[in-house]
Amino acid sequence: MTTYGRAVPWQPDDDLYPEADGLVDHARFRDVLGRFASGITVVTATHDGVPVGLTCQSFTSVSLDPPLVLFCPSRASRAWPLIERAGRFCVNVLAADQADVSHAMASRGIDKFAQVGWRPSAESGSPVLDGVLAHLECTLEAVHDGGDHHVVLGRVQHLQVDREGDALLYFKGDYTATGQSNV
């Protein structure tokens, strides 16, 4: 576990919370949690002058004071270790018409940024993707163990609304948009 901030591990009361590992079927877990719509973001950074990025649906605000956000990259991500080393990143909030951007940034083995327009952000130089609803520039605050994912806290240094529109959402295993059934 990499920790940049203070981490206090939670210890359950064994009498109240018996060990649950193996008791929850993975397919059912995915199906049930798929009933919760989540916004789609792309987390980007520049590592050694090269843009890197990953698609992420696990993103949320955490705190106003200090301004903190959280996202959860997969342990299998090839981009995350490079973003972590950069120590700074940009969260791009995708618009409803950007499912193709989400797919491109989730791909492996291709130059993701050859398919996606972007510009360097004002504060960190991290890529801000063309057409996003908003972006938040962050410094890495903490990284915690989250099973098959990392739990990453970022301190917001700059944020901006880039355009109006509906957000790209993920619901029941498919993309959707606010107020629409499928994109």
**OP:** Count, please, the residues in the range 107-129 that happen to be closer than 16 Å to Arg88 by Cα, free of Cβ contacts under 8 Å to residues at least 60 places away in the same chain and either surrounded by 21 or more Cβ atoms within 10 Å (Cβ to Cβ) or not charged (D, E, K, R) (or both).
**Re:** 2
**OP:** Among residues belonging to the range 140-170 that are closer than 13 Å to Ala99 by Cα and either part of a strand (DSSP E or B) or not charged (D, E, K, R) (or both), point out the one that is modelled with the lowest pLDDT.
**Re:** Tyr170
**OP:** Among the residues of the range 72-95, count how many are surrounded by 23 or more Cβ atoms within 10 Å (Cβ to Cβ) and either at positive phi or polar (S, T, N, Q) (or both).
**Re:** 1
Subject >> For Thr60: the one exception among (1) within 23 Å of Leu169 (Cα to Cα); (2) under 14 Å from the mean Cα position of the chain (by Cα); (3) not in a strand (DSSP E or B) >> reply: (3)
Subject >> Subset of the range 45-71 [closer than 12 Å to Gly154 by Cβ, of a type outside the set (A, V, I, L, M) and either crowded, with 18+ Cβ neighbours inside 10 Å or touching a residue at least 24 places away in the same chain (Cβ under 8 Å) (or both)] >> reply: Cys56, Phe59, Pro66, Pro67, Phe71
**OP:** Mind counting the residues in the range 98-116 that are assigned to a loop (DSSP other than H, G, I, E, B) and touching a strand residue (DSSP E or B) at 6+ places or on another chain (Cβ under 8 Å)?
**Re:** 2
Subject >> Selection within the range 125-155 - touching a Pro at 6+ places or on another chain (Cβ under 7 Å) and among the hydrophobic types (A, V, I, L, M, F, W, C) >> reply: Val152
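The values are calculated or read from the model by the stated rules, or taken from the named source; none is laboratory data. Keep in mind that what you see is a predicted model, and the values were worked out from it rather than measured. Note that we place each Cβ from the backbone using ideal geometry, even for glycine, and neighbour counts take in every protein chain shown.
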